[in-house]
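What follows is a short report on a single structure.
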Amino acid sequence: MNKNLVILLFAFVLLLSLGCEREDPEFRTFSKSTGVFIINEGNFTYGNASLSFLDLTTGEIDNQVFYKANGFPLGDVAFSMTISDSMAFISINNSGKIFSVNTRTFKHQGTIAGLSSPRYIQLISKTKAYISDLYSTSILVFDPGSLQITDTIETGRSTEQMVVWNDYVFATCWSFGNEVLKINTLTNQVEDSIRVNNQPNSMVIDKNNNLWVLSDGGYEGSPLGVDYPALTVIDPDKMDVLTTVLFPNISGSPNNLLINGSRDSIFFLYGSWTGETDFDSGAYRMSVNSNELPDDPFIPEKNRLYYRMGIDPVYSTIYISDALDYMQKGFVFRFTPDGALIDSMRADRIPGFFAFMTE
Amino acid sequence: MKLAAVHIIAIFILFGSGIPLHAQEKLNDTLRIKAVSIRGNLSMTSANIRQVDSLEIQNNQGGSLADLLAKNAPVFIKTAAPGSLATISMRGTLASHTQVSWNGIRINSPMLGQVDFSLIPIFFTDQIQILSGPVSTLKGSGGLGGHIDLASHGKWGEAFYGSLTNTIGSFKTYRILAEAGGGGSSFQTRVRLFHEQSENDFPFLNTANGLFNRVKQQNADFSKKGLMVQAFYQPNAKHLIGIHAWLQSSNRSLPPIMSYEGIGRNEYQNDSQIRISANWQFASGAFNSKLNSGITVDRLDYYLAHQTGGGLLVNYQTESISQSIFNNYQGSLYLSEKHKLKVHIHGNYHKVEIIDQKSGSGYNADRGEVGIQVMMEQFWTRQFKTYALIQQDWIQKSQIPLIPSIGLAYQFIPNLLELKASAGRNFHLPTLNDLYWIPGGNPDLLPEEGYLADIGLHAMLSADSIWRLEAEITGFASYIDYWILWKPGEFRYWSPQNLNTVLIKGFETSIHTSVQLNKIEAKLRANYTLTHTNQLDSENNTLAQLIYIPIHKATVFLHLARNAYYLNYSYTYTSERFTSTEEEFSLHSLPAFSLHQISLGRKQALLGLNTDLHFQINNLFNADYQSILWRAMPGRHYSINLTIQF
């Protein structure tokens, strides 16, 4: 009895201990030339951010290309991507790091670790780039070649999107902020700032060399308070406000201000914080010579939920993502510069930022 | 007979199916009243009430209810790390769909609706009943998945007793359990204390950072301490008065996700609970009544800060306090030999205050609930019994639709084969966070509405007192409408809505066998659960399995004892889980995992004391697994445990 029981026990344990490992990922070698990177943010704290690549020569989208090329995930909340020749920098916001990735092979090249909450990477030169940060009250300066941090710009508040204009970088203070900073890239010093409506989230510079700033206004209950969303046109040289275009609805939340290749039309997404539908949500287009908001969306949202937008700098094709319920693969819709739907495809979880790789 | 025992185990291995528990299934809603006449076998009316075996409770004395249920029950426990928040899924539902009560009062958080099972020490519980599916209405409304009823008792008949348990484990884990109690025939007291702390800095292979290096878990330390004091007064056989106080606090650091390589972050959660319950039970002849009042005060502080170049930036510093008052009256009366009437009236009040000191946002809210339940049990014959109940609840003066529930038990072959079935409707109220959270709370939410049914067969075979075999299979189905889901509105703003319709179906099967031969005692329990939980679209097409709910779960528990020595072995299998609403086996799904635990012990009388020394190996085969996506779990680890009792 004892012996039998012991033998059976062993057999039993062995039987139960079989198997159950994660299958090897589908490792692949890539060699791409022209296409669009789609940064899938993933869910906050899930660590399921990923990289998709739309090959413009074949028209096919490939998901999870970073994992397939490297065997490990991007991390938690991939936020933006900046391309410099064959190198791309991806900020992984809630993992506190930036990955550098080869744009043709998608191979991981290096990591800038030890960050707080990186958002955007702005290239200044071959040896200088800036990192904005949601939590940190400084902008970090790094060398894109060596990935070493070379300087720190004390901003006193957190920073979001950046644009380069001559020897200056403009940075928005979005998170509970209401300013745009002007930073001298030669000295890495903040030289000036200007107040705009609450929570400026994005900027562009138009063909007239005017700086357009889009503020979402914040939300009801925010410690900063709530403001009307606005487009503010600024003279970047004198740092004067030229025009302020207010949005009519205080619960509206426009974001993702972009400009086309010829820099004569701006685009933005406009919806509501609360899901109210008393205005037409969707993608809007507006001439840089106008100071009135368009009445109707250029690409109506209809029953979709537009999340982020990108515009191809060469072809002016418009890319808009729909994250659906945020718990499945989101859609990417492509539109002609005139707003006609070209096609749609499934990227991965919460498709956000678009980065364009040209030959 | 030896051969028979071996065969039973061999058959079990071949069929590899599941467990357990069905030892004493009594609707044990009374404490310890002497000389109460029991008419009929109440187990007949309980289609799916399982009482966790005292051996399993004893074997998990140092652990939490999360550990015990994960290893021994047909439920799924989800946890981000040892010691951290552990939530339950019963019959394919969400954590808030399982109601939990202790000595007559609900301990679900009114703010979140759920219970953190890692904060319920087994040492504080003497009886655990699992009411799955429709029968949960026997304990009130809200348990769309089920109800777990915990009870802490006194030890009548012992003039003075005490025990001390010391545990030392891997990752600088230390635990002390102490109890003392005693009294006479009419008065008893019992005091229990526990303290546990762990650095919890287990090593793991980090496959998420590109380095594939072996690192130590950071910021996962915890400490927990608790005190339970109970006093019982039984002036005569008809009355029993009990007062129970359970005080507990815990401090837990929350570790970062595996891919984190940032400058540093500090995240922690501090919980404290005060639970006081007072009961008066009266039994006389055919009449039995129980009056219960209680209060709970739960405090939860959450803190998250990130290091920045300019110092620490606090992101959240949230303080919340939930206070509840409970009043229950239950009366039961045998109207005749064949009819038993039960009435249950309750009036509860909840109040929540939550504020984020960082942003200044938060909410204050309260809710009153009253309800009445009437239940009739009918003993048609010795083999056929039924029950029917109806409950009416009012929430903040608004009436919830009626909750009816019925059940039957029929013994095809007396004491051998029994059919059990139950069905009913149930409602689950939105939590106060669902209603009032800023931003996004939706005060217009409706209660979730469920239609639940199950049917099962229970067989029992035994030969004298030498061996015993019980097997059970139960099929279940639930249709839940107005399922609350937090969804993004346009742009970043999440808000709960009564969006989904969910269909849950599956079955639970269990087997339990025990053999007593000469000096050897062997017990084997196993169970297997199949759960399909699918959202339905507007045309009632089945969509994907809901996230984090495994389709298959199996557990096995084996106990062997000979003279003073004993060996316990437990096995848990959890199948692949999706973390996406697409049912896709991809990087968004978590691989299946198997966990093994073994312990070897010796019980001995020494200097008039009873001692129990055992050594335990957890995750015996060093499985690399995740319970939550990209959250590290420990590999093989050990503990040694010494208990001294008098």
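Please go through the stretch B:550-646 and write out the trypsin sites (Lys or Arg not before Pro) that DSSP classes as loop and that have at most 16 other C-beta atoms within 10 Å.
Answer by residue number: B:636.
On a 32 Å Cα-Cα criterion, which of the cross-link pairs B:155/B:342; B:71/B:224; A:97/B:487; A:128/B:216 come out too long?
The pairs that break the limit, which is 32 Å between Cα atoms, are A:128/B:216.
When the helix-only estimate is applied to the protein assembly as shown (DSSP H runs of n ≥ 4, each -39,500 (n - 2.57), divided by the residue count), what is the mean residue ellipticity at 222 nm, nearest 500 deg cm²/dmol?
Per the formula, -1500 deg cm²/dmol.
Does the stretch B:2-645 come out rounded, prolate or oblate by the C-alpha gyration tensor, with a ≥ b ≥ c the root eigenvalues, rounded set by a/c under 1.5 and, if not, prolate when a/b is larger than b/c and oblate if not?
Rounded, since a/c falls under 1.5.
Using a 1.4 angstrom probe and counting only protein chains, how large is the accessible area of residue B:155 in Å², to 10?
Surface accessible to solvent at residue B:155 totals approximately 60 Å².
Checking the cross-link filter: which aspartates and glutamates have an alpha carbon closer than 14 Å to that of residue A:302, excluding same-chain neighbours under 8 positions apart?
Here the aspartates and glutamates satisfying the reach criterion relative to residue A:302 are A:276, A:278, A:280, A:322, B:490.
Please state the relative contact order of chain A as a whole percent: Cα pairs under 8 Å, 6+ residues apart?
Relative contact order of chain A: 12 percent.
Name the lysines eligible as straight-distance cross-link partners of residue A:32: C-alpha to C-alpha under 17 Å, and not fewer than 8 places from it in the same chain.
Output for residue A:32: A:68, A:107.
For the stretch B:51-145, give the percent of accessible area contributed by carbon and sulfur heavy atoms, probe 1.4 Å, rounded to a whole number.
The computed percentage sits at 52.
Given a 1.4 angstrom probe, what's the average accessible area per residue across the protein assembly as shown, in square angstrom?
Heavy-atom accessible area per residue stands at 39 Å².
Return the residues of the stretch B:239-281 for which accessible area with all protein chains present is lower than in the chain on its own by 30 Å² or more; set the probe to 1.4 Å and exclude ligands, DNA and RNA.
Buried on complex formation: B:257, B:259, B:260, B:261, B:263.
What share of the DSSP beta bridges in the stretch B:2-645 is antiparallel, in percent to the nearest 5?
Of the beta bridges lying entirely in the stretch B:2-645, close to 100 percent run antiparallel.
Hey, got a sec? Which trypsin sites (Lys or Arg not before Pro) in the stretch A:221-321 land in a DSSP loop and have at most 15 other Cβ atoms within 10 Å?
Taking the stretch A:221-321 and a limit of 15 other Cβ atoms within 10 Å, the loop trypsin sites (Lys or Arg not before Pro) found are A:238, A:263, A:302.
Classify chain A: rounded, prolate or oblate, from the alpha-carbon gyration tensor (a ≥ b ≥ c, eigenvalue square roots; a/c under 1.5 rounded; otherwise prolate if a/b is larger than b/c)?
prolate
Have a look at the stretch A:50-91 and report residues whose accessible surface goes down by 30 Å² or more when the remaining protein chains are included, against the chain on its own, probe 1.4 Å, ligands and DNA/RNA excluded.
Buried by the other chains: A:64, A:67, A:72, A:73.
Quick one: angle between helix A:2-16 and the longest Cα principal axis of chain A, in degrees between 0 and 90, rounded to 10, please.
30 degrees
If you take the accessible area of A alone plus B alone and subtract the pair, what total do you get in square angstrom, rounded to 100, with a 1.4 Å probe?
Interface between A and B: roughly 5700 Å².
How high is the relative contact order of the stretch B:2-645? Use alpha-carbon pairs under 8 Å, at least six apart in sequence, and give a whole percent.
That works out to 12 percent.
With the full set of protein chains in place, find how many percent of the accessible area of the stretch B:358-489 is carbon and sulfur; take the probe as 1.4 Å.
64 percent
In the stretch B:302-332, which residues become less accessible by 50 Å² or more once every protein chain is in place, relative to the chain on its own, using a 1.4 Å probe?
The answer is B:306.
Accessible area of chain A with a 1.4 Å probe: how many percent of it is carbon plus sulfur?
Its accessible area is 47 percent carbon and sulfur atoms.
Residue A:187: net charge of surrounding residues, Cβ under 11 Å, Lys/Arg +1, Asp/Glu -1, itself excluded?
-3
Restrict the search to the stretch B:460-547; then list the GluC sites (Glu not before Pro) that DSSP places in a loop and that have at most 13 other Cβ atoms within 10 Å of their Cβ.
Passing both the DSSP loop test and the Cβ count: B:539.
Using Cα positions and a limit of under 23 Å, work out the lysines in reach of residue B:397, with same-chain residues fewer than 8 apart set aside.
Partners found: B:139, B:351.
The values are calculated or read from the model by the stated rules, or taken from the named source; none is laboratory data. In this text the structure is predicted, and so the values were computed from the model without any measurement. Cβ sites come from the backbone with ideal geometry, for glycine too, and all protein chains shown count toward neighbours. To get the accessible areas, we keep the full protein, side chains included, count just its heavy atoms, and leave off ligands, DNA and RNA. Shrake-Rupley method; radii C 1.70, N 1.55, O 1.52, S 1.80 Å.
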